[in-house]
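Colleague: I am attaching a structure below and will ask some questions about it afterwards.
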Amino acid sequence: MTGRVFVLAVDSSRAAHRAASWCCNTLAQPGDELHVLVVTTSAAFGSSITPLASTRAHSSLGAEALATTKAVHEVLHLASNKVKEEQFKIAALRAPPGSRGVAKTIAAYANLHQANLIVLGSRGLGDFSRSLLAFVGQGSVCSLVLRDALSPVAIVRGSGLQCKGERHVLLLVEGTTTSGALQWALGVAVRPQDHLHVFTVGRPTAKLTELATEQLPVEHVHVEEGPAPHEQHALICQAVIQYASAQGIGLAVLPHQEQQGVAAALHRLTGLGGSLTDRLLRQLDCPVVVLRD
């Protein structure tokens, strides 16, 4: 559970602030590295990783940089009881204008440092805003990072952000899901006191249950058989949402899914519809991790 690398993308927004705090308080362990990544189009930032002690004073920075730096310090202060100062690294990078440039910069940094997880805060765009951004070829930073990153991506919003006791974690399993998804969840997202809910789309996988009970008590591993894979995404999505609500799920781990052809083109054009994972990302009211293949 140690020696992992988390990349926390932080700006001056409350969403980014809460996401970074969530990671520090619920995932980080001694020995982990937490890279607090500031990506901005402001010329006030350079492109270097600096020790925490050297970031105390930024009197020459512009308003945007000052606001972001203040947010970074707030995150570090709130996390100080859980994470030691030497575990943090701060990277300040410039990106081309627009959400696409910011997303590519975040993904490239995480790929370079072989991050175990990228943590992003979601502002919760509505359908109209999402459609408008997709129409002009931008999209949200979260959706664009999902396309470019090689690492799993956590998108944080909603409830379950301050979970001090046991947490209920949902792992969505489809026919193509391998034991690697479970191993990642057990190694990064699931703590010894947590409950793991394996929600299967189709036939339950006994092997995954056996692997889970090797690390967790039997009474902490739950298997739910969902709709068959041939059912429409809307129906499967509704079943997952209802189960998550009933079980008090505080974190969902989903497979990365790529759509092809007309469906993919329509999703890129409107920002609506999409794969099962796309739908769940919009509707689940808890932090969500999307795994890469």
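The values are calculated or read from the model by the stated rules, or taken from the named source; none is laboratory data. Computed from a predicted model, the values in this text were never measured in an experiment. Glycine also receives a Cβ, built like all others from the backbone with ideal geometry; neighbour counts cover every protein chain displayed. The area values use the complete protein model at the heavy-atom level, side chains included, leaving out ligands, DNA and RNA. Shrake-Rupley method; radii C 1.70, N 1.55, O 1.52, S 1.80 Å.
Colleague: Within region 97-111, is even one residue at pLDDT below 80, hydroxyl-bearing (Ser, Thr, Tyr), over 16 Å from the mean Cα position of the chain (by Cα) and farther than 23 Å from THR26 by Cα?
Modeller: The answer is no, given that none of the residues of region 97-111 is at pLDDT below 80, hydroxyl-bearing (Ser, Thr, Tyr), over 16 Å from the mean Cα position of the chain (by Cα) and farther than 23 Å from THR26 by Cα.
Colleague: Can you tell me which residue among ILE241, ILE236 is open to solvent by 10 Å² or more (accessible area, probe 1.4 Å), assigned to a helix (DSSP H, G or I) and in contact (Cβ under 8 Å) with a residue 40 or more places away in the chain?
Modeller: Going through ILE241, ILE236 in turn, just one is open to solvent by 10 Å² or more (accessible area, probe 1.4 Å), assigned to a helix (DSSP H, G or I) and in contact (Cβ under 8 Å) with a residue 40 or more places away in the chain: ILE241.
Colleague: Of everything in region 163-181, what is under 20 Å from GLN29 (Cα atoms) and at pLDDT 90 or above? Give them in sequence order.
Modeller: Across region 163-181, the qualifying residues are ARG167, HIS168, VAL169.
Colleague: Can you pull out every residue in region 251-284 that is of a type in the set (S, T, N, Q) and either touching a helix residue (DSSP H, G or I) at 6+ places or on another chain (Cβ under 8 Å) or at pLDDT below 75 (or both)?
Modeller: Selection gives GLN257, GLN259, GLN260, THR270, SER275, GLN283.
Colleague: Residue check, ARG123 against (1) modelled with pLDDT under 80; (2) charged (D, E, K, R); (3) assigned to a helix (DSSP H, G or I), all met but one. Which one?
Modeller: If we test ARG123 against (1) modelled with pLDDT under 80; (2) charged (D, E, K, R); (3) assigned to a helix (DSSP H, G or I), just (3) comes out false.
Colleague: Sticking with this structure for a sec: Report yes if some residue within region 11-29 is surrounded by fewer than 16 Cβ atoms within 10 Å (Cβ to Cβ) and modelled with pLDDT under 85; otherwise report no.
Modeller: Within region 11-29, one or more residues are surrounded by fewer than 16 Cβ atoms within 10 Å (Cβ to Cβ) and modelled with pLDDT under 85.
Colleague: I'd like to verify a number: residues in region 202-217 that are touching a Ser or Thr at 6+ places or on another chain (Cβ under 9 Å) and under 13 Å from LEU171 (Cα atoms), how many?
Modeller: 2
Colleague: Just checking, how many residues over region 197-222 are open to solvent by 50 Å² or more (accessible area, probe 1.4 Å) and touching a helix residue (DSSP H, G or I) at 6+ places or on another chain (Cβ under 6 Å)?
Modeller: Residues that pass the stated criteria total 1.
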